[in-house]
Amino acid sequence: MPSHPLRVAVVCSSNQNRSMEAHSILSKRGFDVRSFGTGSHVKLPGPAPDKPNVYDFKTTYVQMYNDLVRKDKELYTQNGILHMLDRNKRIKSKPERFQNCKDKFDLVITCEERVYDQVLEDLNSREQETLQSVHVINVDIQDNHEEATLGAFLICELCQCIQHTDDMEDEMDELIQEFEEKSNRPFLHSVCFY
């Protein structure tokens, strides 16, 4: 088992739905967790698929919530966006970009392959200082409320298993293979160094 609590980052594109649902569940289970997005902007569904609500990462969840209430409270209540933002603002004040965080993690879990590629690109572009390893695992999770919840529980179970391994470096591949079979989802895994 690691000598310290597992430091976990969960990353999706906008730090709104999938990463925040996992952040919520992992923090309730006692993990040292942070969540991030990798996009250039935060995008939330709008009145039509081609009309998303776009915000800067500096915009707080409260500001987004109030903006959407002003635009169409009924629509954003019905589609669950206000409920999601309400959850988010209880966890932290605003979304964060992974590329702007220089903290070190033991494990970074991404929620889609494009985000996985962006995280690897960022980590591999950083100067290696300590040669501390970080495992990056991708679990594909569709970006809707139901899949975000199911994915968050899967991520939590994976983190609990990793936390209780005797040797994370030696046991990771076998553990991921077990989770692929159990969840019937493909996982991607890479190791980077800080």
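Computed across the range 101-161, the Kirkwood radius stands at 12.8 Å (inverse of mean 1/r, all Cα pairs). The charge dipole of the chain, taken about its Cα centre with unit charges on the Cβ atoms of Lys, Arg (+1), Asp and Glu (-1) only, comes to about 1440 debye. Stokes-Einstein diffusion of the range 85-194 at 37 °C, 0.692 mPa s viscosity, Kirkwood radius from Cα pairs, rounded to a whole number: 216 µm²/s.
Counting only DSSP H runs of at least 4 residues, each contributing -39500 (n - 2.57), and dividing by the residue count of the chain, the helix-based mean residue ellipticity at 222 nm comes to -15000 deg cm²/dmol. For LYS89, a cut-off of 17 angstrom between C-alpha atoms picks up these aspartates and glutamates, skipping any fewer than 8 places away in its own chain: GLU21, ASP56, ASP67.
For the range 140-194, the alpha carbon positions stretch 34, 24, 18 Å along the principal axes, listed from largest to smallest.
Rounded, prolate or oblate, given the Cα gyration tensor of the range 42-91, with a/c below 1.5 counting as rounded? Here the range 42-91 falls in the oblate category. Which residues does a label at ARG29 reach in the range 104-121, if reach means a backbone N under 17 Å from a point 7 Å past the Cα toward the Cβ? Inside the label zone: 106-111.
Principal semi-axes of the equivalent ellipsoid, √(5λ) from the alpha carbon gyration tensor of the range 48-123, are 28, 15, 11 Å from largest down. In whole percents, the pair-distance distribution calculated for the range 1-100 from its alpha-carbon pairs, binned every 5 Å from zero, is 2, 13, 23, 23, 17, 10, 5, 3, 1, 1. With Cα atoms defining each centre, the range 39-102 and the range 145-164 are spaced 23 Å apart in the structure.
Of the solvent-accessible surface of the chain, computed with a 1.4 Å probe and all protein chains present, 47% belongs to carbon and sulfur. A simple count of charges around LYS28, restricted to other residues whose Cβ falls under 15 Å of its Cβ and scoring Lys, Arg +1 and Asp, Glu -1, yields +2. Applying a 4.7 Å Cβ-Cβ cutoff to the chain leaves CYS101, CYS156, CYS159, CYS161, CYS192 as cysteine residues with no disulfide-compatible partner. For Cα Rg over 2.2 N^0.38 Å, one of (1) 1.39; (2) 0.96; (3) 1.03 was computed from the structure I shared and the rest are decoys. Which label? The value computed from this structure is option (3). For the chain, the share of DSSP beta bridges that are antiparallel, to the nearest 5, is 40%.
Protection proxy ranking for 174-180, 6-12, 114-120, using the average of other Cβ atoms within 10 Å per residue and placing the highest first: 6-12, 114-120, 174-180. Of the residues THR149, GLY46, ILE137, the one whose Cα sits farthest toward the positive end of the charge dipole of the range 15-171, with +1 on the Cβ of Lys and Arg and -1 on the Cβ of Asp and Glu, is GLY46. The mean accessible area for residues of the chain, using a 1.4 Å probe and ignoring ligands and nucleic acids, is 51 Å² per residue.
Relative to the Cα centre, the charge distribution of the range 2-88, modelled as +1 at Lys and Arg Cβ and -1 at Asp and Glu Cβ, gives a dipole magnitude of about 200 debye. Determine the alpha carbon to alpha carbon distance for each of LYS28/LYS182; LYS71/LYS94; LYS73/LYS104; LYS58/LYS102 and list only those over 28 Å. Pairs exceeding 28 Å: LYS73/LYS104.
The values are calculated or read from the model by the stated rules, or taken from the named source; none is laboratory data. A quick note: this is a predicted structure, and the numbers were derived from the prediction, not measured. Positions of Cβ are generated from backbone atoms using ideal geometry, with glycine treated the same way; all protein chains shown enter the neighbour counts. For the accessible areas, the whole protein counts, side chains as well, though only heavy atoms, and no ligand, DNA or RNA atoms are used. Shrake-Rupley method; radii C 1.70, N 1.55, O 1.52, S 1.80 Å.
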